[in-house]
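What follows is a short report on a single structure.
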Amino acid sequence: MSNTTESILVGSLQKFSIEDGPGIRTTIFFKGCPLNCKWCHNPELIDPRQQLIQSPNNCIGCGYCIKVCPNDAVTMDPEEGIVIDRAKCDVCLKCADECYAEALRPVAKPMTIDEILSIVEQDKGFYENTDGGITVSGGEILMHAKFVSKLIDEARKRGMNVCLDTCGFGDSQALMELALKENVTDILYDMKAIDDKVHKEYTGVSNKLIIDNLKMLAADARTLDKLIMRMPLIKRVNDSDDIIKRTGEFYKEIGVKRVNLLPYHSLGVSKKRNVDGFEQEKFEQPTEERLTEIENYFKELDLKVEVLGRA
């Protein structure tokens with residue numbers, strides 16, 4: 001297929017991102033992820049299929065969504081406002097089409113490579129002046145490796161660098177092919193928990209493939225220096241002395257040099273409720289004192305450490 005016909009579900013394009021790689025960037029969020037992290041801040045991007053999401057505060061109570069729903073899946077509650085019966089809803093999106101207030105809308109939009117890059121290119125000057133570029137994220141990019149590969153190649157033709165943001169759970173060959181591309185300058189690689197039992201409990205999958213793929217990238221001189229490890233920090237989940245020590249020792253063993261620490265935030269709680277009606281478990285971020293201890297530990301290992309999104 002040509003770039004003008006092949007499309008993929010894109011959750012959003014976030015301009016002026018400053019924490020998704022070096023410089024000023026535009027981050028592209030693809031839909032679909034093989035992990036189901038209990039603290040996910042983009043839970044609407046886990047399911048690879050289209051979904052309907054609510055923004056209750058936008059609702060003006062016009063009732064058009066109720067009238068147009070062919071499955072009687074939309075009702076009005078005096079206290080809760082619009083209620084979606086997810087068992088009846090087939091995501092036909094007729095309600096969203098009629099919702100001028102955008103209280104109901106699709107999670108994602110089908111976009112071609114040309115459509116994506118026409119928006120991305122609007123800020124090309126910012127990328128060039130700050131050593132920035134595009135960050136491909138998700139969801140998980142390895143679920144869409146062929147499309148992402150074509151996107152990166154087209155970005156190179158248009159003079160733009162790319163940063164990969166991956167959880168590392170996917171096809172090893174596809175990951176290496178993406179990582180080796182000439183205009184891929186950085187790889188943001190997630191490390192949720194080095195302890196496999198903890199990883200399974202809180203993400204739904206083993207970390208074995210993730211660690212194997214990380215070792216693969218670190219063992220190749222062409223990709224080692226591109227790696228930036230990203231570790232969400234969740235109190236009483238993955239901030240224990242044992243997990244932090246094992247993580248640091250592992251990074252030193254494989255030669256990783258850069259680490260981003262991301263204290264937990266609760267941005268996914270309301271989105272989870274609004275996209276499927278379920279409540280996301282709430283966590284806490286480590287105390288400021290603990291964050292500093294972890295930061296200093298990694299620095300003592302001669303790692304370049306940055307704490308992002310600090311409260």
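For region 192-241, residues that are within 22 Å of I254 (Cα to Cα), in contact with a Lys or Arg (Cβ under 8 Å, 6 or more places away or on another chain) and among the hydroxyl-bearing types (S, T, Y) total 1.
Residue count for region 249-263 satisfying the condition of being surrounded by fewer than 20 Cβ atoms within 10 Å (Cβ to Cβ) and part of a helix (DSSP H, G or I): 5.
Quick grid of which residues meet (1) in contact with a Gly (Cβ under 7 Å, 6 or more places away or on another chain); (2) closer than 26 Å to V107 by Cβ:
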| site | (1), (2) |
| --- | --- |
| L142 | yes, yes |
| T166 | no, yes |
| K197 | no, no |
| L227 | no, no |
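Scanning region 106-163 for residues that are over 19 Å from the mean Cα position of the chain (by Cα) and of a type in the set (F, W, Y) gives F126, Y127.
Filtering region 208-234 down to residues that are acidic (D, E) and in a loop (DSSP other than H, G, I, E, B), which residue is surrounded by the most Cβ atoms within 10 Å (Cβ to Cβ)? Steps first, answer last, please.
Within region 208-234, the first condition is being acidic (D, E), and the residues that meet it are 212, 220, 225.
Subsequent filtering for residues that are in a loop (DSSP other than H, G, I, E, B) retains 220, 225.
Values: D220: 13, D225: 15.
Once the filter is applied, the top-ranked residue is D225.
Kindly provide the set of residues from region 160-185 that are touching a Phe, Trp or Tyr at 6+ places or on another chain (Cβ under 9 Å) and outside any strand (DSSP E or B), ordered by number.
Going residue by residue through region 160-185, those that are touching a Phe, Trp or Tyr at 6+ places or on another chain (Cβ under 9 Å) are 160-161, 164-168.
Listed by number, the residues that qualify are M160, N161, C167, G168.
Considering region 164-188, and only residues there that are among the hydroxyl-bearing types (S, T, Y) and in contact with a helix residue (DSSP H, G or I) (Cβ under 6 Å, 6 or more places away or on another chain), the residue that is surrounded by the most Cβ atoms within 10 Å (Cβ to Cβ) turns out to be T166.
Considering only region 1-17, state which residues are aliphatic (A, V, I, L, M) and either at pLDDT 95 or above or crowded, with 17+ Cβ neighbours inside 10 Å (or both).
Pass one, region 1-17, residues aliphatic (A, V, I, L, M): 1, 8-10, 13.
Once the filter is applied, which keeps residues that are aliphatic (A, V, I, L, M) and either at pLDDT 95 or above or crowded, with 17+ Cβ neighbours inside 10 Å (or both), region 1-17 yields I8, L9, V10, L13.
Here is a check on your reading of the model: is M76 part of a strand (DSSP E or B) and modelled with pLDDT under 95? So M76 fits the description; yes. All told, V237 meets the bar of being assigned to a loop (DSSP other than H, G, I, E, B) and modelled with pLDDT of 95 or more.
Entry remark, region 18-63: residues being within 28 Å of M160 (Cβ to Cβ), assigned to a loop (DSSP other than H, G, I, E, B), at pLDDT 95 or above and of a type in the set (D, E, K, R) number 2 in total. For region 86-112, filtering for residues that are closer than 17 Å to L9 by Cβ and touching a helix residue (DSSP H, G or I) at 6+ places or on another chain (Cβ under 6 Å) leaves 3.
The values are calculated or read from the model by the stated rules, or taken from the named source; none is laboratory data. Bear in mind the structure is a predicted one, so any value in this text is a computation, not a measurement. Counting neighbours? That spans all protein chains shown, and the Cβs are built from the backbone with ideal geometry, glycine included.
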